[in-house]
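Some notes on the structure that comes next.
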Amino acid sequence: MLVAAAVCPAPPLLVPEVAAGAAAELGDARTACSDALAVLAASRPDLLVVVGAAAEGGGYDQGTPGSFAGFGVDLTVTLGPDLGEPPSGHATGTTLPASLAVAGWLLGQARWAAAPVAGVAVAEDLPPSGCGLLGADLGRSAERVAMLVLGDGSARRTLKAPGYLDERAAGFDAAAARALGAADAAALAAIDAGLAAELQAAGRAPWQVLAGAAEGADLAGRLLYEDAPYGVGYFVATWS
């Protein structure tokens, strides 16, 4: 069952080498992510499931590599500690999607060693019902499951945001922040997928996977960080 979860933003800009001169702008977010990962380690999980959005869904074993070369940086990471051998069940050349690569970087910074790691990419357009079913399955994947969930709010918070300004974005993100901070699985499950897509909220599907995993877990939430420094809603929260 799910015993703890951490929700973190997924932008590659979270990685200082990618952000370069703007690295300091997300310093508080990185600190909050570090604190959130400490909560996961303290929960004594048997398994850490890392969930992030991608164009297509799929599973990734511990040690799968990820690269930030597509963002102009010669930096590689692995999903959790490198096992020293190719991950099973994957063809040579398999790499992590961007959201899970960010997770790999966060785990590397935290020197994660508390439990084995498994990665799950969630298709960005997976319906809420499918997200809930996937989450329920993941929540049953070990006796004590912790989840690291990567996802952003709306990318339409300001005129300079990637998706330009949408007046609905601030309200959408405020509701998401309340749900994440209160560990309100029902509120996350009720997020309108169509509205989330219009607002370019990439975290919708991963958050709803978390909601499915958390059903009946009776966890308490805490919001550690909330901001939109680039016109995109970023949140860090813990459930435990």
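The values are calculated or read from the model by the stated rules, or taken from the named source; none is laboratory data. Fair warning: this is a prediction, and the values are worked out from it, not measured in the lab. FYI the Cβ positions are ideal-geometry reconstructions off the backbone, even for glycines, and counts take in every protein chain you see. Accessible surface is based on the protein model in full, side chains and every heavy atom, while ligands, DNA and RNA are left aside. Shrake-Rupley method; radii C 1.70, N 1.55, O 1.52, S 1.80 Å.
In µm²/s, what is D for segment 197-240 at 4 °C and 1.567 mPa s, where D = kT/(6 pi eta Rh) by Stokes-Einstein and Rh is the Kirkwood radius from Cα pairs? Working shown, then result.
Numbers: Rh = 12.0 Å.
Result for D is 108 µm²/s.
For residue 47, what residues show an amide H to amide H distance below 5 Å, using hydrogens built from the backbone and excluding near sequence neighbours?
144, 146
Work out, in µm²/s and without decimals, the Stokes-Einstein translational diffusion coefficient of segment 1-89 at 25 °C, 0.890 mPa s, Rh from Kirkwood over C-alpha pairs. Show your work: numbers first, answer last.
Details: Rh = 15.0 Å.
It comes out at roughly 163 µm²/s.
Only loop residues by DSSP count here, and only those with at most 15 other Cβ atoms within 10 Å; note down the trypsin sites (Lys or Arg not before Pro) in segment 168-223 that meet that. Could you put the intermediate results ahead of the total?
Working: sites: 168, 178, 204, 222; in loops: 168.
The qualifying sites are 168.
Highest mean first, how do 151-159, 117-125, 75-83 rank when packing is the count of other Cβ atoms within 10 Å averaged over residues?
Numbers: 151-159: 23.6, 117-125: 22.0, 75-83: 18.9.
The most tightly packed comes first, giving 151-159, 117-125, 75-83.
Per residue of segment 12-28, what does 6.51 cos²θ - 1.76 cosθ + 1.60 with θ = phi - 60° give for ³J(HN,Hα)? Whole Hz please, x for Gly and Pro, Karplus curve as stated.
x, 4, 5, 7, x, 4, 6, 5, 6, x, 9, 4, 5, 5, 10, x, 5
Using a cut-off of 15 Å between beta-carbons, work out the net charge of the residues near residue 54 (Lys and Arg +1, Asp and Glu -1, residue 54 not included). Before the final figure, lay out each step's value.
Values: positive: 204; negative: 56, 124, 125, 152.
For residues surrounding residue 54, the net value is -3.
Averaged per residue, what accessible area in Å² does segment 71-185 show with a 1.4 Å probe, protein chains only? Let's see the in-between values first.
On the way: 5660 Å² over 115 residues.
Heavy-atom SASA per residue in segment 71-185 reads 49 Å².
If segment 82-185 were replaced by its equivalent ellipsoid, with semi-axes equal to the square roots of 5 times the Cα gyration tensor eigenvalues, what would those be, largest first, whole Å? Write down the numbers at each step before the final one.
Values: eigenvalues 173, 69, 44 Å².
After diagonalising the Cα gyration tensor, the semi-axes are 29, 19, 15 Å.
Under the definition of Cα pairs under 8 Å and six or more residues apart, what whole-number percent is the relative contact order of the chain?
Numbers: 586 pairs, mean separation 69.5, N = 240.
Computed over the chain, the figure is 29 percent.
Please give the net charge around residue 152, taking every other residue with its beta carbon less than 14 angstrom from that of residue 152, where Lys and Arg add +1 and Asp and Glu add -1.
-1
As a check on your grasp of the helix formula, calculate [θ] at 222 nm for the chain: sum -39500 (n - 2.57) over DSSP H runs of n ≥ 4, divide by the residue count, round to the nearest 500.
Details: 8 runs with 80 residues, N = 240.
Computed ellipticity for the chain at 222 nm equals -10000 deg cm²/dmol.
Can you give the Rg/Rh ratio of the chain, where Rg is from the C-alpha atoms and Rh is the Kirkwood radius? Can you show the working numbers first?
Working: Rg = 16.2 Å, Rh = 17.4 Å.
Result: Rg/Rh = 0.93.
Quick one: if you stick a label point 7 Å off each Cα along the C-beta vector at residue 31 and residue 186, how many nm between them?
For residue 31 paired with residue 186, the spin-label model returns 3.6 nm.
Largest first, how would 164, 225 line up by accessible area (1.4 Å probe)?
Values: 164 135, 225 25 Å².
Highest to lowest solvent-accessible surface, that is 164, 225.
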